[in-house]
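Participant: To start, I am sharing the structure in question, which I have written as structure tokens.
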Amino acid sequence: MKFTDSSAKLTYSCVIVFKILSFYLIISESHVVENSHLNISTSTTNSSADDEEFDPYSPLVKCSYLSNEFLVCENHGIDLKGNTTAKEELGYGCVKFGGQKYEKVERSRVMCKVLDGIECFGERTFLSLKQYPCIKYTGHYFVNTLIYSFLLGFLGMDRFCLGHTGTAVGKLLTLGGLGVWWVVDIILLVLGELNPADDSNWVPIY
């Protein structure tokens, strides 16, 4: 009987140890499987995002192809302050502003952002495909300046308004160069050679 009891106890102990080991192995395997699934799903997501290409038959349009009514774009390109090297490196931006003739106005791509609620394919903030003129308005009206030049040009009022303070003081002290400077500035204004000092354009009157 004693031998039987000891054998039963030994068998019972082995069964308990075996169950504990089995439980531990099951838990370990489940963690490994979960981690492998997580890695596989993550890599799949990344690869699908990287390999995603535009489908021309998709109902979604490329964001950069949207018309201006669905975009918010900058009024003009960034001011590079005459740095041509920066424009060559960036590929966009305005080296100079202004220009009264079409061929003298520089153009640049600008940053645009898609309006909220509009669905499209690709980055929602991007450089525009269209080239925008490098012009800015700071409140200078050609007609007003021309009237100042006719009526008060001998006092340098036209140059004061345009921001040419140094030459305006000289024009004031000489009373418009005894009339000669006065007439010359009127001619320069009409010919488009006398412009705002900040390189801005005349505000258009519609």
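The values are calculated or read from the model by the stated rules, or taken from the named source; none is laboratory data. Please read these numbers as outputs of a predicted model, since none were measured by experiment. Glycine gets a Cβ as well: all are built from the backbone with ideal geometry, and neighbour counts include every protein chain shown.
Participant: Regarding Tyr92, is this residue in a loop (DSSP other than H, G, I, E, B) and closer than 18 Å to Thr125 by Cα?
Facilitator: Taking the combined requirement at face value, the residue satisfies it.
Participant: Return the pairs, sorted by first residue and then second, in which the second residue is in a strand (DSSP E or B) and charged (D, E, K, R), the first residue lies in the stretch 52-78 and is closer than 13 Å to Leu129 by Cα and in the same structural domain as Phe97 (by TED's automatic domain parsing), the beta carbons are less than 7 Å apart, and the residues are 6+ apart or on different chains.
Facilitator: Leu71/Lys113
Participant: For the stretch 48-57, indicate whether the set of residues that are over 30 Å from Ala197 (Cα atoms), at pLDDT 90 or above and surrounded by 10 or more Cβ atoms within 10 Å (Cβ to Cβ) is non-empty.
Facilitator: no
Participant: Looking at this structure, is Leu90 over 25 Å from Asn195 (Cα atoms), exposed (fewer than 11 other Cβ atoms within 10 Å of the Cβ) and of a type in the set (A, V, I, L, M, F, W, C)?
Facilitator: No: the conditions fail for Leu90.
Participant: Can you tell me how many residues within the stretch 114-130 are surrounded by fewer than 13 Cβ atoms within 10 Å (Cβ to Cβ) and within 21 Å of His76 (Cα to Cα)?
Facilitator: Narrowing the stretch 114-130 to residues surrounded by fewer than 13 Cβ atoms within 10 Å (Cβ to Cβ): 115-117, 119, 123, 125, 129-130.
Adding the requirement that they be within 21 Å of His76 (Cα to Cα) leaves 115, 123, 125, 129-130.
Result for the stretch 114-130: 5.
Participant: Look at Ile205 and say whether it is assigned to a loop (DSSP other than H, G, I, E, B), outside the structural domain of Met111 (by TED's automatic domain parsing) and exposed (fewer than 13 other Cβ atoms within 10 Å of the Cβ).
Facilitator: Yes, satisfied.
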